[in-house]
Amino acid sequence: MTVKLTVENVVQAKQEVEKLEAQGYLRDNIYIFAHYEEREDDINEALGTEEAGIGEQGFLTFMKNLVNSRGDELRNELASVGLSESEAAQFEKELDTGKLVIVANK
């Protein structure tokens, strides 16, 4: 089962991650996305959650993302953790407004 959430800030993200853990989700299967890559890295490191890396995206997509725009990269990463293309586009728009997106897989 895939859970998709948007939150306003890191405090809310932490609360949602804790709720997901209580429901049986592992932090290794919880991904937090932010529009700015440095912010995303900092949040994932602080909360012990995962980033969509080569294992989720596959080698070719991972390499392609090195030259893609941040929006294209985010849509590819969101799709690689279980969202449809239309969901990925919708959530990428949420990221553009400064929100965080949490995706958890069980």
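The values are calculated or read from the model by the stated rules, or taken from the named source; none is laboratory data. The structure displayed is predicted, hence computed values, not measured ones. Cβ coordinates were reconstructed from backbone atoms using ideal geometry, including for glycine residues, and neighbour counts include every protein chain displayed. Surface accessibility is based on the protein's heavy atoms, side chains included, excluding ligands, DNA and RNA. Shrake-Rupley method; radii C 1.70, N 1.55, O 1.52, S 1.80 Å.
What's the magnitude of the charge dipole for region 1-103 around its Cα centre, counting Lys and Arg as +1 and Asp and Glu as -1 at the beta-carbon? Answer in Debye, nearest 20.
On the way: 10 positive and 22 negative charges, 47 e Å.
Rounded to the nearest 20 debye, it is 220 debye.
Quick check: at a probe of 1.4 Å, how many percent of the accessible area of the chain sits on carbon and sulfur atoms? Numbers along the way, then the final one.
Values: 2920 of 5860 Å².
After summing per-atom areas, the C and S share lands at 50 percent.
What number comes out for accessible area per residue over the chain if the probe is 1.4 Å? Units Å², please. Provide the component values of the computation, followed by the final result.
On the way: 5860 Å² over 106 residues.
Solvent-accessible surface per residue comes out at 55 Å².
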| Put a dot 7 Å past each Cα toward the Cβ at VAL3 and GLU51; how far apart are the dots in nm? | 2.4 nm
| Using the Kirkwood formula over every pair of different C-alpha atoms, what hydrodynamic radius in Å results for the chain? | 13.5 Å
| remark: To the nearest 0.05, the calculated FRET efficiency linking PHE59 and ALA89 through their beta-carbon distance, R0 being 22 Å, is 0.40
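Just add up the charged neighbours of VAL101: K/R +1, D/E -1, any other residue whose Cβ is under 9 Å from the Cβ of VAL101.
Working: positive: LYS4, LYS99; negative: GLU92, GLU94.
Every neighbour counted, the sum reads 0.
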